[in-house]
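For reference, the structure discussed in these notes is given below.
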């Protein structure tokens, strides 16, 4: 088998620490600060965590060490967890998330379709437990902005029982 293939795609980081959440590293960036003695390098890490049952969060950590940057990102992601309404391994309806110039179109798909999405969106869906979804990333290719657009889309998802309750109707009256 080819060990080096798809090395960056599936960076699951649940090595015995906290089995409650699956962690996925989306982007690791080395940045340099030019000082009097030369360049000072530090790292930034964009991480998503989820329980594969509809709870997902993202975090952005920065540190002088790779492991420390990832750890900080995971901590921030765990503090920023939201619950996504999952309906039979997919989303309840189509949604478009927008953050700055990044737009992400997310559509529910039939069971067995799989995750049809690119890099950052795929990672968020995998750790969130959303297994059947179609997605298209429009505009910006910045991974941080794409992830924020996905979460903005998740925030705008509507849940049928909640809407029926807000309207003062039963779920059966709501669907007709």
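What follows is calculated from the coordinates using simple rules that are stated; it is not laboratory data. For clarity, every value in this text was computed on a predicted model and none was experimentally measured. Every residue, glycine as well, gets a Cβ built from its backbone with ideal geometry; the counts of neighbours run over all protein chains shown.
A few remarks follow.
- Over the chain, dividing the summed -39,500 (n - 2.57) contributions of all DSSP H runs of at least 4 residues by the number of residues returns a 222 nm mean residue ellipticity of -8500 deg cm²/dmol.
- Label-point separation in nm, residue 81 to residue 164, each point 7 Å along Cα→Cβ: 2.8 nm
- Cα gyration tensor category, rounded, prolate or oblate, for segment 75-148 with a/c compared to 1.5: oblate
- Segment 22-82, relative contact order in percent, only Cα pairs under 8 angstrom and at least six apart counted: 30 percent
- Segment residue 113..residue 173, full-extension length gain: 18.5 nm, with 0.36 nm per residue of separation and the alpha-carbon distance subtracted.
- Stretch gain in nm, segment residue 42-residue 101, where the contour uses 0.36 nm per residue and the Cα spacing is subtracted: 18.6 nm
- Rounded, prolate or oblate (a/c below 1.5 giving rounded, otherwise prolate when a/b exceeds b/c) for segment 113-153 by Cα gyration tensor: prolate
- With contacts taken as Cα pairs under 8 Å and at least 6 residues apart, the chain reaches a relative contact order of 17 percent.
- Full extension of the chain between residue 156 and residue 20 gives 46.4 nm of extra length, using 0.36 nm per residue less the Cα-Cα distance.
- Cα principal axis extents for segment 16-63, largest first, Å: 49, 19, 10
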